[in-house]
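Shown next, in structure tokens, is the structure this report addresses.
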């Protein structure tokens, strides 16, 4: 049985628009998965240290037969393939960040994987693109996406027009 999973995508180094578009392409090739939808690209100020470039963010929806753990491992492979370094500061600049936001209605709490992604409800750069492709889904323990969208401050998130 397939599970609908949502992946948060972010980049602020080495041509972030190209990095996010490449991530979308790589998601199309995941085993036992189909890229169901992809949001527009959005620009926003960094969440962490302010002395770094703005981020480009998006969200993808996948229908997958992979377990959450296997999907997470595939996302790490894509990050590594695109040159992600894991030795930087928390919330620092990065070539690519792929986060498993939701995995169906499942709640998962393991050492390396927490779903729903913690803090996603506080991040406009996740909620706004997620709402674009997921309508009014319910997020475990958080409620309807429309309610979370209403809490977004949207101070720095801007939809990009890309070709």
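The values are calculated or read from the model by the stated rules, or taken from the named source; none is laboratory data. If you're wondering where the values come from, they're calculated on a predicted model, not measured in any experiment. No Cβ is skipped: glycine too gets one built from the backbone with ideal geometry, and neighbour counts run over all protein chains shown.
If the condition is being more than 17 Å from the chain's Cα centre (by Cα), part of a helix (DSSP H, G or I) and modelled with pLDDT of 85 or more, then the range 140-149 contributes no residue at all. Residue 87 passes every criterion in (1) part of a loop (DSSP other than H, G, I, E, B); (2) crowded, with 18+ Cβ neighbours inside 10 Å apart from (2).
All of (1) free of Cβ contacts under 8 Å to residues at least 40 places away in the same chain; (2) surrounded by 16 or more Cβ atoms within 10 Å (Cβ to Cβ) hold for residue 76 with one exception: (2).
Checked against the criterion of being within 17 Å of residue 58 (Cα to Cα), surrounded by fewer than 16 Cβ atoms within 10 Å (Cβ to Cβ) and modelled with pLDDT under 85, the range 91-107 contains one or more residues that satisfy it.
Considering the range 44-62, the residues that are in a strand (DSSP E or B) and modelled with pLDDT under 95 include one that is farthest from residue 75 (Cα to Cα), namely 44.
Checking 137, 133 one by one, the residue that is closer than 21 Å to residue 26 by Cα, surrounded by fewer than 20 Cβ atoms within 10 Å (Cβ to Cβ) and modelled with pLDDT of 90 or more is 133 and no other. Considering only residues that are in a loop (DSSP other than H, G, I, E, B) and in contact (Cβ under 8 Å) with a residue 60 or more places away in the chain, look in the range 97-122 and name the one that is farthest from residue 14 (Cα to Cα). Here the residue is 106.
Considering 114, 128, the condition of being within 29 Å of residue 50 (Cβ to Cβ), within 12 Å of the chain's Cα centre (by Cα) and at pLDDT 90 or above is satisfied by 128 alone.
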